[in-house]
1. Just to verify a result, which residue in the range 309-335, among those that are of a type in the set (Val, Ile, Thr) and over 18 Å from Ile405 (Cβ atoms), is farthest from the ligand (Cβ to nearest atom)?
2. Would it be correct to say that Thr235 is among the hydroxyl-bearing types (Ser, Thr, Tyr), exposed (fewer than 14 other Cβ atoms within 10 Å of the Cβ) and part of a strand (DSSP E or B)?
3. Can you list the strands (runs of 3 or more DSSP E) found entirely within the range 254-334 that contain at least 1 residues being modelled with pLDDT under 95?
4. If we scan the range 353-365, do we find a residue that is under 15 Å from Phe286 (Cβ atoms) and more than 60 Å from the chain's Cα centre (by Cα)?
5. Has the range 336-345 got any residue that is away from the ligand (no atom under 16 Å from the Cβ), acidic (Asp, Glu) and out of contact with any His (no Cβ under 7 Å at 6 or more places or on another chain)?
6. What is the one condition in (1) among the hydrophobic types (A, V, I, L, M, F, W, C); (2) under 20 Å from Thr384 (Cβ atoms); (3) out of contact with any His (no Cβ under 8 Å at 6 or more places or on another chain); (4) modelled with pLDDT of 95 or more that Leu360 does not satisfy?
7. Go through the range 375-396 and count every residue that is within 13 Å of the ligand (Cβ to nearest atom) and part of a loop (DSSP other than H, G, I, E, B).
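The values are calculated or read from the model by the stated rules, or taken from the named source; none is laboratory data. Computed from a prediction, not measured in an experiment: that's the story for all the values here. Every residue, glycine as well, gets a Cβ built from its backbone with ideal geometry; the counts of neighbours run over all protein chains shown.
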Amino acid sequence: MDLLKEAFIKALKFAKKNRILVRFTAFAIVAMAALVISVVSCGIKVGYNVNYCGKNIAVIDNAEVFKDAKAKILLSLSDKKGEKEISSPKFLPVVTSEDNLASKDQLADAIIENTESLSSSSALTVNGEVLAYANRAELEKLVDAALCKYYVKGAENTSAFLDDVSIIDSYCLNEDVKTSKEAANIVNKLKVKTVSTVTSESSVKYSTKTIYTSTKVRGYEKVKTKGVKGIKTETAVVETLNGKETAKTVIARKVIKEPVEKVVIKGTATSMTSATARAQAKSAGFICPLNKGSIKQISAYWGDGRNHKAMDFSGNVGTPIFAAKAGTVVSAGWDGNYGYAVVIDHGNGYKTRYAHANALCVKKGATVKQGQQIATLGNTGRSTGPHLHFEVIKNGARVNPAPYIGY
Ligand SMILES: [Zn+2]
């Protein structure tokens, strides 16, 4: 357009100087005007080919477009080091149409494409500062992964960077483009705040209730109701910074299953015999087979819930064991689970057994007096600690020894 105007003005000046040619000039002016009108109406105009590094890369309206495109590129680069990378082009006039003219942005892209040391890239910016240049898809993938990195599995999660992080289209020097690994290292250093609503489940302890009963002997213990743990849930909002907890607020606690109380029945009676039976037993004339002072503890009673048909007295190994009544030794020696044991026949259908002895003082067939030492207390046979296992046998059946020996 400018060129046409210039030509038109020149023609006019020429015509003024050369009056002879006025007629021709007038014709030329008309022709020129017609040309201008036709050019304008058809959209045909004069533009400039941008010859960049020996190659025509775009057609532009005027040299300003190149200046603007260059300024845009330099603004994108991290510093001014790209300035010398962009060569000065040649502008060659060319008749073109309005549609063919490249915009500033199009020219900038064309310059980048034709500049070996520069490329289109995306910039990862943090608070406006470029941290890395890399491929956009690569950066987006890394950023997305960084945001999910500290999510709690099974929880409702939201996350955000602590700083203002964005990915913008940019240009950069090829040497500044980061590899995936380098970009990942940079993204991984960003601070991520994650808020997770976590619901966790834990057990609720059950309590134990003991019911004491005099209808059972001491040592009797039976679980009436099995204890069952309950279940509770706790919902908390947990805030973390790069996975490290910074705050936690419990927003709900709920028992979703109540525990079941354990109920235990324990016996308190020393002997489960009637007054008549006790009097009868006493009249049988037995004495305690140990000096009561040497008994540490009655460690088991008759019928304590494990079919224990005897009484156990714990004491020190070597404590003397005496015959509960006069009689004849019917067995003395090793007797399987009883360990070293003595059985005395007292007549009238009564026998007594003394088991788990450490040493025996009598032999089978011996006659013993009441209160005579027959063995020493021990821990032989099936025994979990030094004790005397004492049985009273009446007509071949074991009976509760307690009432016979004053318990
Ligand atoms: Zn026993």
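1. Thr328
2. no
3. On the way: elements: 262-269, 297-300, 311-314, 320-322, 327-334.
Ranges flagged: 262-269, 297-300, 311-314.
4. So in the range 353-365, the residues under 15 Å from Phe286 (Cβ atoms) come out as 353-354.
Retained after the next criterion (residues that are more than 60 Å from the chain's Cα centre (by Cα)): 353-354.
So far as the range 353-365 goes, yes, one or more of its residues are under 15 Å from Phe286 (Cβ atoms) and more than 60 Å from the chain's Cα centre (by Cα).
5. So the first thing to find is which residues in the range 336-345 are away from the ligand (no atom under 16 Å from the Cβ), and the list is 344-345.
Then keep just the ones that are acidic (Asp, Glu); that gives 345.
Filter again for out of contact with any His (no Cβ under 7 Å at 6 or more places or on another chain), leaving 345.
Within the range 336-345, one or more residues are away from the ligand (no atom under 16 Å from the Cβ), acidic (Asp, Glu) and out of contact with any His (no Cβ under 7 Å at 6 or more places or on another chain).
6. (2)
7. Residues meeting the conditions: 9.
Yes/no per residue for (1) in contact with a strand residue (DSSP E or B) (Cβ under 6 Å, 6 or more places away or on another chain); (2) closer than 19 Å to Asn51 by Cα; (3) assigned by TED's automatic domain parsing to the domain that holds Ile60; (4) surrounded by fewer than 19 Cβ atoms within 10 Å (Cβ to Cβ):
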site	(1), (2), (3), (4)
Leu74	no, no, yes, yes
Ser88	no, yes, yes, yes
Lys104	no, yes, yes, yes
Val130	yes, no, no, yes
Tyr133	yes, no, no, no
Glu140	no, no, no, yes
